[in-house]
Amino acid sequence: MSWAFLRDLLSGVNKYSTGIGRIWVAVVFVFRLLVYVAAAENIWKYEHDEFECNIEQPGCENVCFDHFFPVSHIRLWALQLIMVSTPSLLVVFHVAYRENREKHHNQKLYKSPGEIDGGLLCTYLISLILKTGFEIVFLVLFYKLYNGFKVPHLVKCDIRPCPNTVDCYISKPTEKMIFLYFLVATSCLCIVLNLSEFSYLIFK
């Protein structure tokens with residue numbers, strides 16, 4: 001799935017969203033997608049090459065890097081972006097089904113295309129539940145994989161083939177931690193927006 005497709009998907013869903021849903025699209029597109037493409041990718045681009053340990057033992061650095069970073073932050077962030085945006089396809093497919101059905105019957109079967117009601121409302125609510133679920137799962141995953149949302153300057157590694165406990169240094173730790181906090185903040189904001197939109201649609 002390309003970033004251009006993700007952008008078009010979010011823009012298409014925007015037509016059928018409430019005001020809160022449009023804010024969610026803006027947050028995902030501007031504060032997450034564009035930040036990822038413009039800045040975050042460059043910060044983590046050479047994270048493996050810039051991970052250094054104070055030992056020349058062959059294989060030690062690779063093993064330690066794999067232990068402390070089993071999945072790259074930036075790849076997990078990209079996967080999160082894709083997963084939280086994918087449920088919007090449910091709404092797109094439902095709207096396409098409606099339009100094809102009207103075209104087949106050659107008459108208007110539904111109210112205004114931009115109005116959320118009936119089956120489309122159920123589909124929309126399901127997409128909100130899925131998006132919220134994915135956000136929470138990835139936040140927990142980030143927390144569990146990296147022992148919190150902090151990026152240390154120094155880690156100590158004693159995994160074989162390292163002959164003893166060695167010090168390993170992470171490049172740009174402060175910059176990475178700022179982006180990680182930004183990721184957490186935008187994820188929490190999206191969760192709040194999803195829950196707010198869900199409540200609005202249920203109780204309106």
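Assorted remarks:
- Residue match in segment 154-174 (condition: farther than 24 Å from LEU89 by Cα, surrounded by 14 or more Cβ atoms within 10 Å (Cβ to Cβ), touching an Asp or Glu at 6+ places or on another chain (Cβ under 8 Å) and of a type in the set (Ser, Thr, Tyr)): yes
- Hits in segment 119-153 - residues which are among the aromatic types (Phe, Trp, Tyr) and surrounded by fewer than 19 Cβ atoms within 10 Å (Cβ to Cβ): TYR143, TYR146, PHE149
- Every residue from segment 1-42 that is within 16 Å of the chain's Cα centre (by Cα) and at pLDDT below 65: MET1, SER2, TRP3, ALA4, PHE5, LEU6, ARG7, LEU9, LEU10
- Close Cβ contacts (under 8 Å, 6 or more residues apart or on different chains) running from residues in segment 131-155 that are among the β-branched types (Val, Ile, Thr) to residues that are assigned to a loop (DSSP other than H, G, I, E, B) comprise VAL151/ILE170; VAL155/ILE170.
Per-residue answers, yes or no, for (1) touching a strand residue (DSSP E or B) at 6+ places or on another chain (Cβ under 8 Å); (2) at pLDDT 80 or above; (3) in a helix (DSSP H, G or I); (4) at negative phi:
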| site | (1), (2), (3), (4) |
| --- | --- |
| ILE55 | yes, no, no, yes |
| CYS64 | yes, yes, yes, yes |
| VAL71 | no, yes, no, yes |
| LEU79 | no, yes, yes, yes |
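The values are calculated or read from the model by the stated rules, or taken from the named source; none is laboratory data. Bear in mind that the values here come from a model prediction, so they are computed numbers and not experimental data. So basically every Cβ, Gly included, is an ideal-geometry build from the backbone, and we count neighbours across all protein chains shown.
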